[in-house]
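The values are calculated or read from the model by the stated rules, or taken from the named source; none is laboratory data. Because the structure is a prediction, the values reported are computed rather than measured. Positions of Cβ are backbone-derived with ideal geometry, glycine not excepted, and every protein chain shown enters the neighbour counts.
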Amino acid sequence: MKYPIGVQDFKSIREDGYVYVDKTALVYDLVTRGKIYFLSRPRRFGKSLLVSTLKYYFEGQHSLFHGLAIDSLEHEWKKYPVFHLDFNGSSFQDASALRDMLTTFVAGKERLYGGNPDAITLGDRFAGVLHAAHEKTGLRAVVLVDEYDKPILDVLDTGLTMNSGPEGQYVEDSNRELLKGFYSVFKKADADLKFVLLTGVTKFAQVSVFSGFNQPNDISMVSKYDALCGITTDELNTVFADSIADLAQAMGRTVEETRKELQRHYDGYHFSSRMTDIYNPFSLLKAFDNLCIGDYWFQSGTPTYLVRLLNHCNENLNEMVGEYYDPQQFIDYKADIEQPLPMIYQSGYLTIKDYDSDLGQYKLDLPNDEVAKGFVSLLSADYLRTKESPITICSQMVRALKNGDSDRYRDILTAFLASIPYSARRKENERERERYFQYTIYLIMRLVSVYTVWQEKETSQGRADFVIETEKYIYIIEYKLDRTAEEALTQIEQMGYALEYANDHRTLYKIGCNISSKTGTVAGWICRK
């Protein structure tokens with residue numbers, strides 16, 4: 001099977017024999033039911049391929065769609081004037097980069113269709129060329145904008161200023177205003193438009209670039225379009241059945257074991273209340289092509305801007321995950337440096353894990369092992385500032401847990417905590433010391449989550465700090481700050497955290513751990529087998 005890794009052009013995929021997961025029934029539904037849309041999905045989730053598919057569909061290239069679902073649905077195959085604006089592959093940190101790109105784009109279309117000779121602003125020129133295209137072809141125009149938000153994300157919270165224009169104006173603000181004026185055209189040119197789709201990672205709310213024009217239909221959380229990008233479980237098990245078998249053979253595992261590992265590593269994304277399981281397509285295809293499960297999506301782009309946002313707002317990841325939110329808190333609310341949750345969710349580092357239909361709220365958490373390992377490792381290195389990589393340390397902890405060596409786990413944890421610089425962990429008051437301690441332990445436990453790690457696991461009588469399950473061992477760990485290990489162990493006993501494992505064949509360890517805020521490391525440890 002030929003995998004289209006890095007190939008985002010629909011025509012190339014169809015003509016060059018790459019595997020294609022047929023999404024054209026959804027595409028047809030999209031184009032026949034509405035006019036102006038917005039879709040948010042994480043990077044490398046197939047947004048560019050969707051835009052490319054729409055481009056060839058509206059250009060009337062019927063031959064490319066033979067044998068697909070849309071072939072029996074569409075009967076006219078008209079050739080519309082298509083305006084495809086792709087912000088991928090360009091950097092917008094240069095003060096003039098965005099204006100130069102938009103000017104070149106509009107000028108090229110003016111040469112093709114004509115325009116409004118009296119127009120001065122870019123927005124007016126764009127409106128003029130859309131009208132000219134409508135008049136020249138007799139068909140209304142189609143506008144497809146891929147990664148509409150990249151000119152803002154490239155400069156978000158960087159402090160870069162313009163070389164010209166208002167003194168001290170930030171490039172971020174300049175780019176935002178340029179896009180706002182450019183997209184406001186969709187209101188003026190409504191009579192000249194057949195279809196509009198903007199895709200991106202984030203949704204900047206109405207006070208941002210979407211103000212001033214007819215609001216697009218945001219389908220980012222619409223159930224019937226949740227599988228428009230990405231690969232569903234059904235698609236994985238049908239289209240890629242042979243690929244799973246080949247990967248299983250290469251890894252020396254059964255097909256069922258391989259399916260479960262693919263699920264742990266790449267599944268877990270949900271984009272609506274329907275909770276359809278969506279796999280990361282980029283990582284999945286790379287795993288099949290390389291015959292190896294790896295952290296391909298995370299390695300393809302480090303989210304340093306998210307680390308900057310978290311540092312700016314002084315909000316910790318553990319204070320965000322596992323909580324229920326109204327959708328406007330992570331979708332419709334303005335994504336900015338004061339409220340990082342929308343951007344973290346929309347960038348793909350958090351996803352929906354549950355839906356409360358009574359309250360209309362969604363629970364957010366890390367989607368899978370690939371994201372947890374990469375993102376938490378990055379946050380840990382920035383937050384803890386240890387000399388040795390946190391992920392290396394946690395790999396040693398995992399080996400100790402796998403072997404049932406709780407003493408080794410204790411020694412690694414003690415040394416690791418002791419290596420954190422005093423300047424990194426010093427807090428001015430009791431509340432902040434407790435907060436730092438909780439976040440440190442949270443980061444370590446999330447990195448250990450190659451095994452099942454339950455944080456704040458609910459039992460019949462309370463919540464256990466952490467429960468770690470491996471193939472042969474179970475660890476119930478209660479951490480205390482500036483208290484005693486005996487007190488922590490007593491809590492495990494009195495609250496009955498181990499009762500549900502009474503009939504489990506695995507060896508169980510109850511561990512009470514005291515960490516000193518003065519030394520910053522383990523000060524007391526009791527392990528009962």
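Within region 408-435, count every residue that is of a type in the set (Lys, Arg), assigned to a helix (DSSP H, G or I) and out of contact with any strand residue (DSSP E or B) (no Cβ under 8 Å at 6 or more places or on another chain).
4
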Just checking, how many residues over region 64-93 are under 27 Å from residue 135 (Cα atoms) and hydroxyl-bearing (Ser, Thr, Tyr)? 1
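Might you check whether a residue that is of a type in the set (S, T, N, Q), outside any helix (DSSP H, G or I) and either modelled with pLDDT under 95 or assigned by TED's automatic domain parsing to the domain that holds residue 104 (or both) occurs anywhere in region 17-35? Steps first, answer last, please.
If we filter region 17-35 for residues that are of a type in the set (S, T, N, Q), which is where we start, we get 24, 32.
Filter again for outside any helix (DSSP H, G or I), leaving none.
No, because not a single residue in region 17-35 is of a type in the set (S, T, N, Q), outside any helix (DSSP H, G or I) and either modelled with pLDDT under 95 or assigned by TED's automatic domain parsing to the domain that holds residue 104 (or both).
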Condition broken by residue 6, with the remaining ones in (1) modelled with pLDDT of 95 or more; (2) of a type in the set (Gly, Ala, Ser); (3) in a loop (DSSP other than H, G, I, E, B) satisfied: (1)
Is region 129-144 home to any residue that is surrounded by fewer than 18 Cβ atoms within 10 Å (Cβ to Cβ), under 24 Å from residue 184 (Cβ atoms) and under 29 Å from the mean Cα position of the chain (by Cα)? no
Exactly one of 446, 433, 425 is modelled with pLDDT under 90, touching a Ser or Thr at 6+ places or on another chain (Cβ under 6 Å) and surrounded by 15 or more Cβ atoms within 10 Å (Cβ to Cβ), and that one is 433
Are any of the residues in region 261-271 in contact with a Phe, Trp or Tyr (Cβ under 7 Å, 6 or more places away or on another chain) and free of Cβ contacts under 8 Å to residues at least 60 places away in the same chain? no
Condition broken by residue 407, with the remaining ones in (1) crowded, with 21+ Cβ neighbours inside 10 Å; (2) over 30 Å from residue 223 (Cβ atoms) satisfied: (1)
Is it the case that some residue within region 398-405 is small (Gly, Ala, Ser) and touching a strand residue (DSSP E or B) at 6+ places or on another chain (Cβ under 9 Å)? yes
Matching helices (runs of 4 or more DSSP H) fully within region 46-144 where at least 2 residues are closer than 30 Å to residue 161 by Cβ: 97-113, 122-137
Residues located in region 88-128, provided they are surrounded by fewer than 17 Cβ atoms within 10 Å (Cβ to Cβ), among the β-branched types (Val, Ile, Thr), at pLDDT 95 or above and touching a helix residue (DSSP H, G or I) at 6+ places or on another chain (Cβ under 9 Å): 103
Matching residues in region 278-287 (surrounded by fewer than 22 Cβ atoms within 10 Å (Cβ to Cβ) and more than 14 Å from the chain's Cα centre (by Cα)) number 0
Within region 279-298, residues small (Gly, Ala, Ser) and modelled with pLDDT under 95 come out as 294
Checked 455, 438 against criteria (in contact with a strand residue (DSSP E or B) (Cβ under 9 Å, 6 or more places away or on another chain), assigned to a helix (DSSP H, G or I) and modelled with pLDDT under 90); the one match is 438
Looking at region 390-403, which of the residues that are surrounded by fewer than 19 Cβ atoms within 10 Å (Cβ to Cβ) and touching a Ser or Thr at 6+ places or on another chain (Cβ under 6 Å) is farthest from residue 448 (Cα to Cα)? 402
Taking region 346-392 as the search range and keeping residues that are free of Cβ contacts under 8 Å to residues at least 40 places away in the same chain and assigned to a helix (DSSP H, G or I), which one is farthest from the chain's Cα centre (by Cα)? 392
Could you check residue 324 against (1) surrounded by fewer than 16 Cβ atoms within 10 Å (Cβ to Cβ); (2) farther than 24 Å from residue 446 by Cβ; (3) hydroxyl-bearing (Ser, Thr, Tyr) and say which number it fails? (2)
Just a yes or no: is a residue in region 257-266 at pLDDT 95 or above, of a type in the set (D, E, K, R), within 24 Å of residue 6 (Cβ to Cβ) and not assigned by TED's automatic domain parsing to the domain that holds residue 38? no
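With the requirement that a residue be at positive phi and in contact with a strand residue (DSSP E or B) (Cβ under 8 Å, 6 or more places away or on another chain), what does region 150-164 give you?
Matches in region 150-164: 159 only.
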Checking residue 42 against (1) assigned to a helix (DSSP H, G or I); (2) in contact with a Ser or Thr (Cβ under 7 Å, 6 or more places away or on another chain), the condition it does not meet: (1)
